[in-house]
Amino acid sequence: MDRPEDLLSRPSSARIYDAALGGKQNLGADRAALASTRALSPTTAQALIAHHQQVHRVVRYLAVQGIDQFLLVGSGLPSALPPHATILPLNPLARVVYADRDPLALGHARALFTSDRVRIADCDISRPEDALGHTFLDWDRPVAAAVLSMHEVAHSPVPAYRAALAPGSFLWLTLCSLEGFPQEVQATVRDMRLGLTFRTVRECHELLDGLELVEPGLAWVSQWRPDGTEPAIVPEHCGWLTAVARL
């Protein structure tokens, strides 16, 4: 079993993400990991920024569609601009549940997110039942359920979410793609023992089989309804794909 000091000496995908966004909730191991991947692929930080920006574009789209309940699984460490900062100005009565299994992410979220419209849930992304049914949300009404770190789970949680969500809900996935990372970066990430699951674009499409996807369908994160603020990066070098399905 890993000792706490061992966990802190190894990089964490959530903390690397925080470092790329200029946050302060990361450690030396995370900054070193980000520097290593940047050396192999200079667009690494821009890709993480592109991922962060598409999160806000998607929640804005969903809020405008009238969705007032959000479940964000794999939400990671709180950023300076968390998703509910985009959601609540559009609908002050919306409810948002952030779910993650990282104790550090949970602790920071509980300390920083003081809105009575927000709740924090301890959830293992590989066990959808940990988050589905959270009592803060009304599951008889539409919910936007997001799995923001599909790269941390090898199997598909899609059937569980489809079965649990009411008609009119949305299911939103972000996925790591093999084609979006140079082989050298893939090897380096594996050496970091982050436990990420890389998928081909074809495998990502297969996960979404049978779902009614919102335009533009499965897309690189920088190309999902871009608004002109995206970092200057070749779309397929973002590394992440995203898709939103209407149920």
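The values are calculated or read from the model by the stated rules, or taken from the named source; none is laboratory data. Note that this is a predicted model, so its numbers are computed, not measured. Heads up, the Cβs are rebuilt from the backbone with ideal geometry, glycines too, and the neighbour counts pull from every protein chain shown. Areas reflect the complete protein model, heavy atoms only, side chains present, ligands, DNA and RNA absent. Shrake-Rupley method; radii C 1.70, N 1.55, O 1.52, S 1.80 Å.
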Accessible surface of Val153 in the full protein assembly, 1.4 angstrom probe, to the nearest 10 Å²? 0 Å²
Nearest-20 debye value, region 42-126 charge dipole, Cβ charges on Lys, Arg, Asp, Glu: 200 debye
Leu81/Phe136 FRET efficiency (R0 22 Å; Cβ-Cβ; nearest 0.05): 0.50
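Ranked highest first by average number of other Cβ atoms within 10 Å, how do 130-138, 144-152, 83-91 line up?
Numbers: 130-138: 16.1, 144-152: 24.6, 83-91: 17.8.
Top of the packing list down: 144-152, 83-91, 130-138.
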